[in-house]
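Asker: Sharing a structure with you now.
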Amino acid sequence: MAQPKLEISQLTKGFVRGRGDIVPVLENVSFAVADLEFVAIVGPSGCGKSTFLRIVDGLIEPDSGEVRLNGRAVTGPGHGRGMVFQSFDLFPWRTALGNVEFGLEMMGVPRQERRDRAQGWIELVGLTGFEHSYPHQLSGGMQQRVGIARALAIEPEVLLMDEPFGSLDVQTRDLLQDELLAIWQRKRKTVLFVTHSIEEAIYLADRVLIFTPRPARLELVLDVPFARPRTEEIKSSPAFVELRREIWQSLKRGVRI
Amino acid sequence: MTRLGHGLPLMAASMVGGMILWEMAASGVSGVIFAPPSVVLARLAQDTLSGVLPMALLGSLAHLAVGFLLAVAVALPLGFAIGRSPPVAAMVEPVMNAIYAVPPVAMVPFLIIWFGLFYEARVALVFLMSVFEILVTVTVGARNVDPMLLQVGRSFGANRFRLVTVVMLPASLPFVFTALRVGLVRAINAMITAELFLAAVNLGALMKQSAQRFDMAGLLSLVVLLCLLGLAAQEGLKALESRLLPWHVRPSS
Ligand SMILES: Nc1ncnc2c1ncn2[C@@H]1O[C@H](COP(=O)(O)OP(=O)(O)OP(=O)(O)O)[C@@H](O)[C@H]1O
Ligand SMILES: [Mg+2]
């Protein structure tokens with residue numbers, strides 16, 4: 001592989017809890033992500049997935065280890081990465097369009113230009129007609145579409161997605177998976193996608209990383225062989241079922257009794 | 001809109017019901033002890049048309065407005081500072097909570113000594129009675145800004161200053177409106193308290209006169225006026241809020 005887009009080396013992080021004892025959350029996590037690769041991360045809940053993504057985004061600092069984007073160390077949040085959050089976390093006082101504009105506004109893009117660009121992303125995620133709705137007027141699926149558009153609008157090199165569909169119902173979730181893939185085919189990006197759904201991980205990603213329970217370590221890395229564009233049918237293919245079984249085994253192995 | 005649409009008939013029904021109860025309670029009782037709403041409302045209309053009530057009300061509103069605006073000007077920035085800065089909170093909050101616990105009427109003797117009996121003392125009482133209410137509410141609001149939203153702000157590149165202006169301030173606006181509402185009600189209380197406990201002027205003077213003359217209808221018409229004033233202030237601020245913050249869904253509605 002040429003120079004990786006993203007290099008994670010030896011990330012370790014713990015949180016201080018109570019009277020100064022430290023709870024380790026990440027332990028020596030290292031891997032590299034190629035340009036335009038779609039990587040899914042699965043792990044049991046509470047293992048440290050969100051913490052990991054926050055470190056990659058630059059929101060929190062690791063205790064040791066580092067994240068390199070294009071060979072340069074990440075020291076804080078920046079426009080190279082766009083994050084889609086687990087609980088949507090839209091700004092309730094901004095309309096859909098206003099939310100999508102947010103990152104561009106922070107970058108200092110002039111008003112008219114950022115409005116036009118945000119409108120384009122609104123259309124891409126299928127929210128035309130809802131640009132002036134406030135988040136409380138939108139369904140969960142629509143809110144997360146705004147969340148995706150908000151992250152894409154800053155045209156990040158790496159898209160970080162933290163269980164973006166975890167709180168949606170199954171139908172909406174399946175629909176949004178397909179739409180995400182369609183968007184990704186058109187606007188290729190490097191993606192780190194955290195989920196605890198094994199199927200979702202296989203369906204979306206080129207590669208699946210399996211984290212152990214807290215403290216999260218890398219348990220296993222699996223390549224996903226399916227050609228793109230992918231359709232629902234692959235979910236019932238023997239290869240898919242076998243891969244799912246393998247990941248499931250690995251997740252179980254990680255759970256030490 | 002729908003909130004008002006559903007609430008309006010109920011509100012009207014409760015008012016009419018109250019009137020009927022009041023009328024029944026007052027029937028057959030001497031006018032020195034109690035007066036029925038028909039008489040009180042007639043009196044209210046009469047004193048309004050004669051200009052007596054509007055003049056007194058204007059006088060009262062003058063110190064209400066100044067005292068309340070001063071309280072807002074002090075309490076908003078201070079409340080944000082206390083809510084967002086632990087050191088400031090550690091310094092100010094104990095003192096604030098201690099003074100908050102003192103009954104406002106207990107402050108009147110001090111105000112008389114410091115400000116005399118007239119306009120300045122009334123403004124001071126309005127200020128004192130509303131400033132803590134606003135301060136406490138704004139502090140809670142600033143403290144409870146959703147940390148996830150602040151994180152989203154940082155993730156998208158907002159620096160410390162922008163975090164305050166584009167995330168924290170808008171996130172606290174609903175609390176600011178609540179603070180203004182409770183503060184204004186307290187300020188109206190203080191307005192009339194000041195006119196009764198300091199030199200009697202404006203509405204307070206009218207109340208004292210009515211009481212001395214056992215003029216129950218006059219006294220009750222002033223109480224009704226105060227009720228209407230409080231109601232108008234609250235509904236006005238609520239209307240302003242739904243106008244300015246269309247995104248905010250009040251939990252109670
Ligand atoms: N700021 C913090 N301070 C202290 N502990 C924290 C903090 N953030 C996370 N933790 C702890 O670190 C652990 C990992 O949290 P994290 O949110 O990264 O897990 P997760 O894998 O994303 O979980 P989930 O599947 O529920 O989203 C949890 O035990 C959590 O309580
Ligand atoms: Mg998480």
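The values are calculated or read from the model by the stated rules, or taken from the named source; none is laboratory data. It should be emphasised that the depicted structure is a prediction, and the values quoted were computed from it without experimental measurement. Note that we place each Cβ from the backbone using ideal geometry, even for glycine, and neighbour counts take in every protein chain shown.
Asker: Quick one: in the range A:163-175, of everything that is surrounded by fewer than 24 Cβ atoms within 10 Å (Cβ to Cβ) and within 16 Å of ligand 1 (Cβ to nearest atom), which residue is farthest from residue A:91 (Cα to Cα)?
Answerer: In this case the residue turns out to be A:173.
Asker: Would you call residue B:93 in a helix (DSSP H, G or I), of a type in the set (D, E, K, R) and touching a residue at least 24 places away in the same chain (Cβ under 8 Å)?
Answerer: So residue B:93 fits the description; yes.
Asker: Please return the ranges of helices (runs of 4 or more DSSP H) entirely within the range A:43-136 where 2 or more residues are within 10 Å of chain B (Cβ to nearest Cβ).
Answerer: A:49-57, A:96-107
Asker: Okay, next question. Out of curiosity, is residue A:159 within 14 Å of chain B (Cβ to nearest Cβ) and more than 13 Å from ligand 1 (Cβ to nearest atom)?
Answerer: yes
Asker: Scan the range A:183-228 for residues that are of a type in the set (D, E, K, R), more than 16 Å from ligand 2 (Cβ to nearest atom) and not in a helix (DSSP H, G or I) and report the count.
Answerer: 9
Asker: Conditions: (1) farther than 23 Å from residue A:248 by Cα; (2) within 13 Å of ligand 1 (Cβ to nearest atom). Residue A:65 meets all but one. Number of the miss?
Answerer: So residue A:65 meets the others, but not (2).
Asker: If you check every pair at least six apart or on different chains, which have Cβ atoms under 7 Å apart with a residue in the range A:49-71 that is in contact (Cβ under 8 Å) with a residue 12 or more places away in the chain first and a residue that is part of a helix (DSSP H, G or I) and within 13 Å of ligand 1 (Cβ to nearest atom) second?
Answerer: A:59/B:151; A:60/A:54; A:62/A:55; A:67/A:55; A:67/A:56
Asker: Tell me, please, whether a residue that is acidic (Asp, Glu) and over 16 Å from the mean Cα position of the chain (by Cα) can be found in the range A:64-85.
Answerer: Scanning the range A:64-85, I find at least one residue that is acidic (Asp, Glu) and over 16 Å from the mean Cα position of the chain (by Cα), so the answer is yes.
Asker: Show the residue pairs that are 6+ apart or on different chains and have beta-carbon atoms under 6 Å apart, the first residue being within the range B:169-195 and more than 14 Å from chain A (Cβ to nearest Cβ), the second being surrounded by fewer than 21 Cβ atoms within 10 Å (Cβ to Cβ) and among the polar types (S, T, N, Q).
Answerer: Every condition considered, the pairs that remain are B:181/B:234.
Asker: State the number of residues belonging to the range A:17-45 that are more than 7 Å from ligand 1 (Cβ to nearest atom) and out of contact with any helix residue (DSSP H, G or I) (no Cβ under 7 Å at 6 or more places or on another chain).
Answerer: Qualifying residue count, the range A:17-45: 17.
Asker: Here is a follow-up. Going by the conditions given, is residue B:147 surrounded by fewer than 16 Cβ atoms within 10 Å (Cβ to Cβ) and either away from every other protein chain (no Cβ under 14 Å) or under 30 Å from residue A:152 (Cβ atoms) (or both)?
Answerer: yes
Asker: Which of (1) within 16 Å of ligand 2 (Cβ to nearest atom); (2) surrounded by 18 or more Cβ atoms within 10 Å (Cβ to Cβ); (3) within 22 Å of residue A:197 (Cα to Cα) does residue A:45 not meet, given it meets every other one?
Answerer: Single failed check for residue A:45: (2).
Asker: Moving to a separate point now. List pairs: first residue in the range A:205-220 and within 16 Å of residue A:195 (Cβ to Cβ), second residue hydroxyl-bearing (Ser, Thr, Tyr) and away from ligand 1 (no atom under 12 Å from the Cβ) anywhere in the structure, Cβ distance under 6 angstrom, at least six positions apart or on different chains.
Answerer: Taking only residues 6 or more apart or on different chains, the pairs are A:210/A:250; A:219/A:250; A:220/A:250.
Asker: Of the conditions (1) at negative phi; (2) more than 16 Å from ligand 1 (Cβ to nearest atom); (3) modelled with pLDDT under 95, residue A:82 clears all except one; give me its number.
Answerer: (3)
Asker: Any residue at all in the range B:106-126 that's over 17 Å from residue B:197 (Cα atoms) and part of a helix (DSSP H, G or I)?
Answerer: No, every residue in the range B:106-126 fails to be over 17 Å from residue B:197 (Cα atoms) and part of a helix (DSSP H, G or I).
Asker: Take residue A:48 and tell me if it is touching a helix residue (DSSP H, G or I) at 6+ places or on another chain (Cβ under 7 Å), within 12 Å of ligand 1 (Cβ to nearest atom) and within 19 Å of residue A:219 (Cβ to Cβ).
Answerer: Criteria not met by residue A:48.
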